[in-house]
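Below: the structure, in structure tokens.
The values are calculated or read from the model by the stated rules, or taken from the named source; none is laboratory data. Owing to the predicted nature of the structure, the values given are computational and were not obtained by experimental measurement. Here Cβ is always computed from backbone atoms with ideal geometry, including for glycine, and neighbour counts include all displayed protein chains.
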Amino acid sequence: MGTEVVAAVTEVIPAGGSVCHAVLFPFMSKGHTIPMLHLARLLLRRQISLTIFTTPANRPFIAASLPAGAAASIVELPFPHDIPEIPAGVESTDKLPSVDSLFPHFALATERLRPDFESALENLRPWPSFMVSDGFLWWTEDSAEKFGIPRLVFHGMSNHAASVSRAVAGDRLLFGPESDDELIAVTRFPGVRVCKSDFEETARTPDPEGPFYDFVMKAFGAPSRSYGYVMNSFHEFEPVFADHLNALGKQKYYSVGPLCLAEVDDVCNNKKEVVLAAKPKPKPAWIQWLDEKLAEGKSVLYVAFGSQAEISEEQLEEIARGLEDSEVDFLWVIRKGGGGLEERVKGRGMIVGEWVDQKGILGHASVGGFLSHCGWNSVMEGVCAGVPMLAWPMMAEQPLNARMVAEEVKVGIRVEGSGRTGFVRRGALENAVRELMAGEKGKEVRRNAKEYAKKARKAMEEGNGSSWKTLNLLIDELCNKEEDAR
Ligand code: UDP
């Protein structure tokens with residue numbers, strides 16, 4: 001069957017006396033897996049035992065994020081190695097030679113995990129009370145239904161992006177005479193405006209076809225039969241959109257985040273000795289560099305475009321020049337390129353080509369701004385750290401997130417010229433960086449970011465936080481049912 005339990009399934013008996021066991025199945029990309037693993041911590045803390053499904057190459061990342069002694073097991077499902085478009089051994093989207101062209105083939109191929117997934121599900125004990133699986137793994141809805149397991153969908157999207165894209169599609173707003181960059185009012189949400197280029201080609205073509213469209217139809221085309229949606233957000237951040245989704249129909253949208261605030265220590269609060277016994281890790285070079293900047297009284301701009309953005313050489317050079325001209329201190333985490341810049345800026349900039357602890361960087365006291373592609377996790381992480389953003393969206397729903405950041409909650413400034421098909425000139429970047437780090441608008445968005453950081457922490461606070469209560473409500477609904485004892 002190809003499954004392997006790598007950690008003993010520990011049965012955890014919650015206070016109420018019943019066993020609650022949940023299945024988690026993250027999509028194989030970092031931006032989808034990381035928040036689901038944060039959710040895992042929150043569930044473990046509430047004494048729910050977990051079985052997490054993944055594929056062999058993704059197991060180490062997942063295993064490393066689980067705290068020692070956690071009541072969680074990982075089950076591996078072999079990933080097909082004979083998909084014509086995907087190099088053998090690639091099991092996550094950040095390893096694809098080109099996300100832009102290969103993503104749909106990769107996502108569609110996940111359906112081939114279904115037979116192994118269902119064999120493994122059938123043998124799980126205790127019987128799962130519920131499942132949280134990624135929306136990109138649309139076929140898990142059928143599996144959940146087959147076994148009568150309530151399924152929650154995790155999309156990793158904001159309430160804002162989910163609401164606005166639904167409204168835009170429902171009202172067919174992208175088929176009018178407007179040019180790609182002309183603003184269009186989203187009538188259901190007063191004040192919200194979008195443009196055609198905020199959306200994927202598929203959404204604005206009258207008769208779309210091709211693998212990406214096939215994927216969209218499978219993942220989003222049919223009305224959901226799932227129990228509800230788990231949202232990585234907090235109600236206070238986007239109340240209008242969260243309430244809108246919840247007023248739509250039978251499924252509830254549970255805002256239980258920001259998930260990035262789930263700490264490892266929280267999970268093991270009854271096993272403090274495990275956490276304390278862990279050896280402190282040496283500080284990476286970039287944290288030491290940030291320490292030095294802090295000692296010098298400098299405010300650093302953190303530059304990172306997520307785990308999979310593809311940026312042309314020409315654009316990278318323009319970013320490098322814009323950063324150089326801005327004269328700010330910066331830490332740039334880059335997947336490839338950036339050559340020569342570090343020497344040119346002599347000590348003012350650091351370039352890192354490795355995987356970093358982004359949350360740790362954003363939480364460093366020297367970091368005063370975040371140039372971001374506006375992946376939703378990055379937005380939540382920036383907000384939680386109270387760091388204002390420079391919004392430079394590139395793909396997926398990032399243009400909508402950038403609108404949220406710059407136009408709705410105003411915790412950031414949009415970089416002029418940025419967008420799905422945009423090109424940012426060095427001067428535009430330089431101006432935006434100067435404005436964020438030292439300008440009046442920068443001050444305003446910094447104040448807002450700090451306010452939302454407080455609200456985010458409050459939402460996650462044990463006992464009274466809105467997200468804390470929402471997750472408890474969800475667990476009460478799903479864990480305390482008679483049928484659990486199957
Ligand atoms: N991330 C990280 N280290 C890296 C690159 C990315 O920790 O070197 C994390 C980042 O903190 C975030 C996730 O990877 O949690 C990326 O998700 P996001 O939604 O921001 O962007 P995506 O990668 O999906 O485009």
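The set of residues in the range 332-356 that are within 9 Å of the ligand (Cβ to nearest atom) and under 17 Å from Ala285 (Cβ atoms) comprises Val333, Val352, Glu354, Trp355, Val356. Within the range 58-87, restricting attention to residues that are under 20 Å from the mean Cα position of the chain (by Cα) and not hydroxyl-bearing (Ser, Thr, Tyr), the residue that is modelled with the lowest pLDDT is Leu66. Here is a list of conditions, (1) near the ligand (Cβ under 8 Å from one of its atoms); (2) part of a loop (DSSP other than H, G, I, E, B); (3) surrounded by fewer than 23 Cβ atoms within 10 Å (Cβ to Cβ), and Thr421 meets all of them except one; can you say which number that is? So the condition that Thr421 fails would be (1). Filtered by the rule that a residue be without any contact (Cβ under 8 Å) to a residue 60 or more places away in the chain and assigned to a loop (DSSP other than H, G, I, E, B), the range 192-216 gives Cys195, Thr205, Pro206, Asp207, Pro208, Glu209. Every condition in (1) touching a residue at least 60 places away in the same chain (Cβ under 8 Å); (2) crowded, with 23+ Cβ neighbours inside 10 Å; (3) of a type outside the set (A, V, I, L, M, F, W, C) is met by Ser366 except one, and the failing one is (2). Pairing each residue of the range 330-352 that is under 14 Å from Ile311 (Cβ atoms) with any residue that is modelled with pLDDT under 75 and within 16 Å of the ligand (Cβ to nearest atom), provided the two are 6+ apart or on different chains, yields C-beta distances under 6 Å for Ile351/Gly338.
Yes/no matrix, rows are residues, columns are (1) without any contact (Cβ under 8 Å) to a residue 60 or more places away in the chain; (2) not in a helix (DSSP H, G or I):
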site	(1), (2)
Asn431	yes, no
Met437	no, no
Gly442	no, no
Val445	yes, no
Ala449	no, no
Lys455	no, no
Gly463	yes, yes
Thr470	no, no
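Note on the range 102-160: residues that are aromatic (Phe, Trp, Tyr) and either touching a His at 6+ places or on another chain (Cβ under 7 Å) or assigned to a loop (DSSP other than H, G, I, E, B) (or both) amount to 5.
Selection within the range 357-416: residues that are in contact with a His (Cβ under 7 Å, 6 or more places away or on another chain) and farther than 27 Å from Phe61 by Cα. The member of this set that is farthest from the ligand (Cβ to nearest atom) is Glu408.
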